[in-house]
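None of the figures in this text is laboratory data; all of them are computed from the coordinates on show. Just so we're clear, the structure is a prediction, and the values are computed from it rather than from any experiment. When we count neighbours, we look across all protein chains shown, and the Cβ atoms used for this are built from the backbone with ideal geometry, even at glycine.
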């Protein structure tokens with residue numbers, strides 16, 4: 001049976017907080033495998049906000065929750081305190097990332113790579129369930145897919161229980177990546193990350209900041225409907241549904257939906273694929 005999980009992010013305003021509370025309530029109706037809470041490390045108190053939202057998901061809404069931890073911006077003392085707090089809140093799932101470069105934040109130096117933090121948690125806090133990130137179209141800093149898989153193998157051997165992919169718009173990259181992982185004997189679950197691209201702002205950001213390749217089919221859709229937001233929204237959701245149907249058909253049993261805090265999108269997708277998940 002294929003399961004769906006969802007990603008949300010902490011709000012920046014009271015309006016955003018109200019929307020997030022409703023979003024979480026609506027996502028609960030979809031019976032998520034878990035909800036992950038990303039940390040936007042653009043603010044100095046990002047960890048506190050992230051843990052606060054994760055605590056709300058886990059303990060107020062009774063949904064299995066996962067907290068993101070950016071290795072660059074944490075030291076051992078930070079991690080010890082964070083994991084102590086998570087234990088008190090009965091949260092035992094973490095997604096360990098290296099972290100993005102931020103002008104307003106300095107790296108703390110204890111964990112240069114995600115694998116360093118994964119190893120530290122595995123050795124000192126063995127009861128935590130650790131998820132790592134992976135890149136079907138390779139990380140921007142990897143020279144090629146051979147180097148990408150080598151780094152991933154090291155990360156997995158450091159203590160990952162599972163990995164979640166960066167979102168992709170062409171399923172063939174996921175299938176090829178899955179084959180490479182099998183050859184490298186990376187035998188843990190690979191959760192497929194899907195992000196419904198429903199507006200021009202998202203597409204522009206992908207083109208500027210991401211290595212995710214946009215298929216010609218999607219480029220044609222965007223070119224034709226970029227000035228019609230409602231149509232682009234519907235087509236973006238339909239495109240994501242088609243991706244998920246294809247993944248399920250090809251025996252992918254774990255899918256992670258990057259919701260961008262939009263519960264209506266998640267509902268439309270689940271309503272269209274719900275019968276496939278039984």
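Relative contact order for the stretch 3-273: what percent, with Cα pairs under 8 Å and sequence separation of 6 or more? Display every interim value, and only then the final one.
Values: 432 pairs, mean separation 52.3, N = 271.
Relative contact order comes out at 19 percent.
DSSP assigns beta bridges within the stretch 3-273; of those with both partners inside it, close to 0 percent run antiparallel. Sorting 118-126, 214-222 by their mean Cβ neighbour count within 10 Å, with the most densely packed peptide first, gives 118-126, 214-222. Which shape class, rounded, prolate or oblate, goes with the stretch 133-248 when its Cα gyration tensor gives a ≥ b ≥ c as root eigenvalues, a/c under 1.5 marks rounded, and past that a/b bigger than b/c marks prolate? Because a/c hits 1.5 or more and a/b exceeds b/c, the stretch 133-248 counts as prolate. Summary of the geometry: the stretch 185-219 and the stretch 225-260, compared by the centres of their Cα atoms, lie 10 Å apart.
Normalised by 2.2 N^0.38 Å, where N is the number of residues, the C-alpha radius of gyration of the stretch 1-63 stands at 1.12.
Multiplying the residue separation of residue 200 and residue 60 by 0.36 nm and removing their Cα-Cα distance gives an extension gain of 46.9 nm.
Put a dot 7 Å past the Cα of residue 254, heading toward its Cβ, do the same for residue 182, and the two dots end up 1.7 nm apart.
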